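So the structure is just underneath, and the comments pick up after that.
The values are calculated or read from the model by the stated rules, or taken from the named source; none is laboratory data. The structure presented is a predicted model; accordingly, all values stated were derived computationally and were not measured. We place every Cβ from the backbone using ideal geometry, glycine too, and count neighbours over all the protein chains shown. What goes into the accessible areas is simple: the full protein's heavy atoms, side chains included, and nothing from ligands, DNA or RNA. Shrake-Rupley method; radii C 1.70, N 1.55, O 1.52, S 1.80 Å.
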Amino acid sequence: AKAWLKLSVLESPWSRLRHCLLQLMVVFVESLPSCTPHLAPRLGQGPTATRKLGDARHLFHVGSRSARAKAHPRSNIGLIGLAAAPLYGEASRKYRRTVYHHEDWLKHRTPRRFKSLRDMLFSGVVRSLLRQVLCVTVIAACVVAWNLLFNGWVDFSNVQHAAPLGYRPSLILRLPALPFTLSTSPLGLLLVFRTNACYRRWLDARITWGRIVSASRNLLRQASTWSMAEGDARKLEMEGLASWTWAFSRCLAAFLRGPSEDHDLAADLQAALGQDAAARLLSARHRPIVALRELSACVKNLTVDAKDKTELDKNIIALLEACEVCERIFSAPVPLVYTRHTSRFLTTWVLLLPLAFWVSFANSWNQLAVIPSTALSALFLFGIDELAVQLEEPFSILPLEIFCAEIHASTREFIQESLR
């Protein structure tokens, strides 16, 4: 009732009622953190449980009061639900950074196809497509309603009823199935090629970060084995080499993730390198390259043979090449002309699909089945395109922080072994 009185600026009672219901959902979602201990036994453990809990908290995410006022100045209410679907799709990417362990693979291999159908409405891809699917569904409902008015309808006894506005074949909205049959193969090829191209980008990014982890480990392994320094001098050399090796991977991850990582990056670098070195690195235009330069200086100051320094420098060259591959993937998307043509082709095809479905359902009692058939077709076809969109920029869904933590743990382990 309090929300109803505050919503007097809205035009109709239906608008007020809708926003009141949304506010109730907000109250429910905001209570989720206090319910986490009770949800934990049902959600289980591991990356899947983390993703489910995060999805639940972000389904109807509401920002601060100022953000809500900016998004909807008339009602001062956060836009949630369908209006926030694209925002949810972007915010949910961090919950796709899964790393599998033994128990996760066992669960993954368990047949759970019907459970996947049951959880379909909780899928991040489905939620991201709510607006598009709803638009197509509304068009299908309008086509059905229009045709029922001018074509009549068939009841469950297969009895044809007269059209309320008179039978007028020229006004019936329909298209033959032949154009859709002929265009299905080209559309499928476009979607498959685009999805494969985006998956290849994800795979290249994952392989490149695997090389970064491997080169970092090799660098510390070789240095800790070949170093001829003893005591505190050896420890000082290894500490500097390990810190700058980790700093390179951490700066590269922050560069690929964007400015949102700068705050955490500054805190991590200050803890690992100290105030002066961290400030110098943070002020650089290209932080990963500066970190590699400092790493080269550490290799130069190592107490090892010149031949061994050459071998160590090969690992730094591998890190630099991996950095270039990441920059190439990040800065060069799939050609936009290909992406836009595929999107236009798919959208036009799906929007006209109800007109072809009507031909199949017109003479039977299940004429209303045009609406769910169109909605499901739109969901799965748009879903294929959405998968390509999610994979095209791979660094925000790859667990880069896990890779950096693995580099840090491996380098520290090499140092401890070399100091024994």
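Computed quantities for the displayed model
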item	result
Protection proxy ranking of 283-289, 353-359 - average other beta-carbon atoms within 10 Å, highest first	353-359, 283-289
Region 260-304: C-alpha gyration tensor shape, a/c 1.5 cut-off, then a/b vs b/c	prolate
For region 232-247 versus region 346-407, the gap between their alpha-carbon centres in whole angstrom	50 Å
Overall Cα dimensions of region 228-282, principal axis frame, Å, largest first	42, 19, 14
Descending semi-axes in Å of region 201-360, equivalent ellipsoid built from Cα gyration tensor	46, 18, 12
Evaluated over region 353-420, the Cα radius of gyration and Dmax, each in Å	26.2, 84
Anchor Lys314: aspartates and glutamates whose Cα lies under 19 Å away (excluding residues fewer than 8 positions away in-chain)	Glu237, Glu294, Asp305, Glu324
Candidate residues Val154, Val99: accessible-area rank, largest first, probe 1.4 Å	Val99, Val154
Accessible area of region 175-238 divided out per residue, in Å², using a probe of 1.4 angstrom	54 Å²
Pairwise Cα inverse-distance average, inverted: Kirkwood Rh of region 112-229 (Å)	21.0 Å
Karplus (6.51, -1.76, 1.60) ³J(HN,Hα), θ = phi - 60°, over region 103-118, in Hz, Gly and Pro reported as x	5, 5, 5, 4, 5, 5, 7, 6, x, 8, 5, 5, 5, 5, 5, 5
Peptides ranked, highest mean first, by Cβ atoms within 10 Å: ranges 265-276, 158-169	265-276, 158-169
Trp146 accessible area, 1.4 Å probe, all protein chains in place, Å² to nearest 10	110 Å²
Region 280-398: C-alpha gyration tensor shape, a/c 1.5 cut-off, then a/b vs b/c	prolate
Rg and Dmax [Cα atoms of region 285-348; Å; Rg one decimal, Dmax integer]	20.1, 67
Cα-based Kirkwood hydrodynamic radius, region 190-247, one decimal, Å	13.9 Å
